[in-house]
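Report on one structure; see the data block that follows.
The values are calculated or read from the model by the stated rules, or taken from the named source; none is laboratory data. Remember, it's a predicted structure, so these values are computed and weren't measured experimentally. Positions of Cβ are backbone-derived with ideal geometry, glycine not excepted, and every protein chain shown enters the neighbour counts.
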Amino acid sequence: MKKYLMLFSLLLLTSSLLLSGGCKKQPPAPPKEPATANPTTAKTPTAADGKIEMSLYYAGHPGSKREKDFVDFLNKHFAKIETGDLAAFDGSQAEGFDVTILDYDGDGFKSPRPRIPHTFTGPVMTMGVTGAFISGQRSLKTDYL
């Protein structure tokens, strides 16, 4: 009997919700202040020559075709580019730069494995096997998957 009474109560509640129009949500109130700029539409500061006002440090394989091609590409788009040898990279070379790029071409297992101190906190973009080595040193999830 208790089971039927509970079922009847549930049926009564459901039908009253359906007949009354259900649970209607109120539309959200319009924002009171204008929204901040969307980061995807915000403009990046550029120089008069159209280059992005950022400085990049590229540590790679000096003299390689890959380094030359990469640096030529970066020079077309960024205000300041400097290069260095990945084998000698310890973080101090990238001080004062907005972004550091670590890259190496050739046989990945013969590439240098720089030891970057934990005090180095600048933004870094790693390319290829160099990224896996550095991620492994730091116990990051992005090493060899």
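When residue 139 is evaluated against the numbered criteria (1) assigned to a helix (DSSP H, G or I); (2) farther than 15 Å from residue 55 by Cβ, which criterion, by number, is the only one it fails?
Of (1) assigned to a helix (DSSP H, G or I); (2) farther than 15 Å from residue 55 by Cβ, only one is false for residue 139: (1).
Please name all residue pairs, on different chains or six or more residues apart, with Cβ atoms under 7 Å, provided the first residue is in the stretch 117-129 and is farther than 11 Å from residue 91 by Cα and the second residue is modelled with pLDDT under 85 and not aliphatic (A, V, I, L, M).
128/108; 129/108; 129/111
Can you tell me which residues in the stretch 68-91 are within 23 Å of the chain's Cα centre (by Cα) and in a helix (DSSP H, G or I)?
Result: 70, 71, 73, 74, 75, 76, 77, 86.
Testing residue 68 on (1) closer than 30 Å to residue 130 by Cα; (2) of a type outside the set (Gly, Ala, Ser); (3) modelled with pLDDT under 90, one condition comes back false. Which one is that?
(3)
One residue is enough: does the stretch 40-52 have a residue meeting the conditions modelled with pLDDT of 55 or more, within 19 Å of residue 125 (Cα to Cα) and either part of a strand (DSSP E or B) or of a type in the set (D, E, K, R) (or both)?
For the stretch 40-52, residues modelled with pLDDT of 55 or more, within 19 Å of residue 125 (Cα to Cα) and either part of a strand (DSSP E or B) or of a type in the set (D, E, K, R) (or both): present.
List pairs: first in the stretch 71-98 and at negative phi, second among the acidic types (Asp, Glu) and surrounded by fewer than 14 Cβ atoms within 10 Å (Cβ to Cβ), Cβ under 8 Å, 6+ apart or cross-chain?
79/53
Does residue 80 fit the bill of being at pLDDT 90 or above and closer than 27 Å to residue 45 by Cβ?
Answer is yes for this residue.
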